[in-house]
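Encoded as structure tokens, the structure appears first; notes follow it.
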Amino acid sequence: MLFRSTMTSKKPQFFTIIGNIGSGKSEAAKLISTTLKLPSIDADSLFQTVDPFAKNYLKDISRWAFTNELWLMVNRAKLIEEQAKPGELTVVDSGLLMSWMYGRAHRLAGEFTEKEWRFYKQLYNHFAQNFMSKTLVLRLKYAQKTLFERIKKRGREFELEYYTPEYIGGLEKGLDALEKKLRRNDIPLLKITEKNVPEFVESKSGSKKLVKLVEKFLEKNNV
């Protein structure tokens with residue numbers, strides 16, 4: 001069973017950061033892990049680096065959504081299992097929770113059939129059954145206008161070419177569904193919105209505020 005060796009303590013072991021494309025997940029993960037001196041796992045860059053289905057997926061999402069998300073789910077699970085630090089809170093950039101979100105977003109968009117979605121959930125539950133009870137969650141939620149400004153600024157060609165308002169909007173629906181799922185399962189969740197932290201990547205005051213909110217959240221949850 002995945003995570004058997006790393007899921008023995010009752011304390012939360014993971015701090016998973018979720019959010020839409022351009023919400024600042026990777027920057028938040030670096031900031032939090034560096035400032036609070038916590039180990040981290042980068043489960044967000046698999047799609048950009050080693051995913052063998054990424055190009056096919058971008059060109060034809062309906063055809064490749066199921067295959068691509070299955071690959072990412074399995075490899076996110078493997079990455080977390082291999083890199084988790086027993087006894088230490090570990091910051092996870094995206095991870096398994098985002099696999100559920102992408103799957104749900106594809107189902108809502110009609111890119112997964114109902115049978116595919118049921119099978120996908122079955123595999124997800126197998127990989128994540130223990131992980132879910134051992135993670136705290138930070139959700140970054142920003143307006144679509146802000147997300148596209150950030151996407152444009154960082155200038156990744158595949159994002160500029162393929163990520164449409166409809167695609168980003170579909171992911172946001174998936175994130176909303178994931179948040180509801182987490183709250184139903186009593187998973188502690190801290191939501192950071194544009195209203196309370198407008199900018200934390202290029203703003204020192206914003207980064208300090210984000211870290212302070214995270215510290216309070218961790219303290220509240222006995223970390």
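The values are calculated or read from the model by the stated rules, or taken from the named source; none is laboratory data. The shown structure was predicted, so the numbers you read here are calculated from the model rather than taken from an experiment. In this analysis, Cβ positions are derived from the backbone assuming ideal geometry, glycine residues included, and neighbour counts consider all displayed protein chains. Accessible surface areas use protein heavy atoms only, side chains included; no ligands, DNA or RNA. Shrake-Rupley method; radii C 1.70, N 1.55, O 1.52, S 1.80 Å.
Here is the figure for the range 52-96: residues that are hydroxyl-bearing (Ser, Thr, Tyr), in contact (Cβ under 8 Å) with a residue 24 or more places away in the chain and over 19 Å from LEU138 (Cα atoms) total 1.
When the range 199-212 is filtered for residues that are within 18 Å of LEU38 (Cβ to Cβ) and open to solvent by 50 Å² or more (accessible area, probe 1.4 Å), the ones remaining, listed by number, are LYS208, LYS212.
If I filter the range 149-157 for residues that are assigned to a loop (DSSP other than H, G, I, E, B), open to solvent by 60 Å² or more (accessible area, probe 1.4 Å), closer than 24 Å to GLU219 by Cβ and at pLDDT below 95, do I get at least one hit?
Residues of the range 149-157 assigned to a loop (DSSP other than H, G, I, E, B): 155-156.
Within this subset, residues satisfying the condition of being open to solvent by 60 Å² or more (accessible area, probe 1.4 Å) are 156.
Remaining after also requiring closer than 24 Å to GLU219 by Cβ: none.
Checking the range 149-157: not a single residue is assigned to a loop (DSSP other than H, G, I, E, B), open to solvent by 60 Å² or more (accessible area, probe 1.4 Å), closer than 24 Å to GLU219 by Cβ and at pLDDT below 95.
Scan the range 28-55 for residues that are open to solvent by 40 Å² or more (accessible area, probe 1.4 Å), in contact with a helix residue (DSSP H, G or I) (Cβ under 9 Å, 6 or more places away or on another chain) and under 21 Å from ILE168 (Cα atoms) and the total you get is 3.
Out of all the residues in the range 114-129, which are outside any helix (DSSP H, G or I) and touching a helix residue (DSSP H, G or I) at 6+ places or on another chain (Cβ under 8 Å)?
So in the range 114-129, the residues outside any helix (DSSP H, G or I) come out as 129.
Of everything in the range 114-129, nothing turns out to be outside any helix (DSSP H, G or I) and touching a helix residue (DSSP H, G or I) at 6+ places or on another chain (Cβ under 8 Å).
So, in the range 161-191, exactly how many residues are in contact (Cβ under 8 Å) with a residue 60 or more places away in the chain and not in a helix (DSSP H, G or I)? The qualifying residues number 2.
Of everything in the range 45-94, what is on the phi > 0 side of the Ramachandran plot and in contact with a Ser or Thr (Cβ under 7 Å, 6 or more places away or on another chain)? Give them in sequence order. Steps first, answer last, please.
First pass over the range 45-94, keeping only residues on the phi > 0 side of the Ramachandran plot: 87, 94.
If the condition is that a residue be on the phi > 0 side of the Ramachandran plot and in contact with a Ser or Thr (Cβ under 7 Å, 6 or more places away or on another chain), then GLY87 is the only one that fits.
Go through ARG63, ARG76, ARG107 for me and flag whichever is open to solvent by 30 Å² or more (accessible area, probe 1.4 Å), within 19 Å of LEU171 (Cα to Cα) and under 18 Å from the mean Cα position of the chain (by Cα). Answer to the check: ARG107.
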